[in-house]
Amino acid sequence: MSFLSKINKDKTPKHVAIIMDGNGRWAQQQGHDRLFGHNFGVESVREVLKAAQELNVKYLTLYAFSTENWNRPKMEVDGLMDLLVRSISNEVDELHESDVIISGIGDLDGLPNSCKDELNAAYERTKNNKGINLILALNYSARWELTEVNKKIAAKVQSGKLQLSEITDELISNELTTKGIPDPELLIRTSGELRISNFLLWQIAYAELYFTDKLWPDFKKEDFYEAILDYQSRERRFGMVSAQIEKNL
Ligand code: IPE
Ligand code: IPE
Ligand code: MG
């Protein structure tokens, strides 16, 4: 029986973030080069997006390229950038038809022009849609993001536009690249690695973490449903005690 039938559709997370990891190992296990795995990873993106749409998830953030990933061999970096451009360009019609809003977070100015242009065009085309937000984290890292926020806030204080007493949790959230996007309730990482790798450090303060050994190209709809079901079995206490949570149900 599918995990889908056990999911309470009224209690699905609004925002799911995913560290899509394991493409390289998946390819190498089959005797191919790493780019082969990245190519197959695109099919998992399609499946997971569809599953998220079925479950009324409003935001799906995918970690596609970190600021540290520039340190990979040039051939892999070039291949990934090329794949990104091709994938957005191939998928944008269908995504638009299914009401998806495509956007990016990260140091997008640092991407090659072809990527920036494709991403901007996809955003312009889909920005008035009303369905799921597909957010691609590209040239993203949480430390980069938090450093930028610190600089912006410091500059405002220095110029007298902002008082120290006005710096709040909310003000900081509104300076992040995820401004206006609710924090993810669920963070999934594939490939068996038990780390965050510089992803959304501020935003995942209270996210439920879900790790699976599946490599990203093997992660399909059913795996996504399983993660959602696991999420629904958790008690999110936010520092309180169980009895208080039960009362609020
Ligand atoms: C994730 O898969 C994709 C990116 C980081 C771009 P990897 O390429 O990290 O695959 P592994 O972890 O080496 O298997
Ligand atoms: C994290 O995966 C980044 C993305 C999925 C884009 P990595 O494979 O780069 O992370 P590490 O090196 O294992 O921490
Ligand atoms: Mg990896």
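The values are calculated or read from the model by the stated rules, or taken from the named source; none is laboratory data. All figures in this text were calculated on a predicted structure; none of them were measured in a lab. Glycine gets a Cβ as well: all are built from the backbone with ideal geometry, and neighbour counts include every protein chain shown. Accessible surface areas use protein heavy atoms only, side chains included; no ligands, DNA or RNA. Shrake-Rupley method; radii C 1.70, N 1.55, O 1.52, S 1.80 Å.
Cβ-Cβ distances below 7 Å connect the following pairs, each with a first residue in region 1-27 that is over 16 Å from residue 204 (Cα atoms), a second residue that is assigned to a helix (DSSP H, G or I) and aliphatic (A, V, I, L, M), and a separation of six or more residues or different chains: 3/229; 6/229; 7/228; 7/229; 12/228.
When region 48-59 is examined, which residues are found to be of a type outside the set (Gly, Ala, Ser) and away from ligand 1 (no atom under 16 Å from the Cβ)? If you could, list the steps in order and put the result at the bottom.
Just the residues of region 48-59 that are of a type outside the set (Gly, Ala, Ser), to begin with: 48-50, 53-59.
Scanning region 48-59 gives 49, 50, 53, 54, 55, 56, 57, 58, 59.
When restricted to residues that are within 16 Å of ligand 1 (Cβ to nearest atom) and among the aromatic types (Phe, Trp, Tyr), region 175-231 contains 4. In contact (Cβ under 8 Å) with a residue 40 or more places away in the chain and among the charged types (D, E, K, R), is that true of residue 116? Spelling it out, it is not the case that residue 116 is in contact (Cβ under 8 Å) with a residue 40 or more places away in the chain and among the charged types (D, E, K, R). Per the listing 10, 33, 21, the residue uniquely open to solvent by 70 Å² or more (accessible area, probe 1.4 Å) and within 16 Å of ligand 1 (Cβ to nearest atom) is 33.
Candidates in region 181-228 are the residues that are among the basic types (Lys, Arg) and either touching a helix residue (DSSP H, G or I) at 6+ places or on another chain (Cβ under 8 Å) or touching a residue at least 60 places away in the same chain (Cβ under 8 Å) (or both); of these, the one that is nearest to residue 3 (Cα to Cα) is 221. Pairs meeting the criteria (first residue in region 151-180 and over 21 Å from residue 200 (Cα atoms), second residue among the polar types (S, T, N, Q), beta carbons under 8 Å, at least 6 apart or on different chains) are 157/163.
Of note, residue 39 satisfies the criterion of being more than 8 Å from ligand 1 (Cβ to nearest atom), within 20 Å of the chain's Cα centre (by Cα) and surrounded by 16 or more Cβ atoms within 10 Å (Cβ to Cβ).
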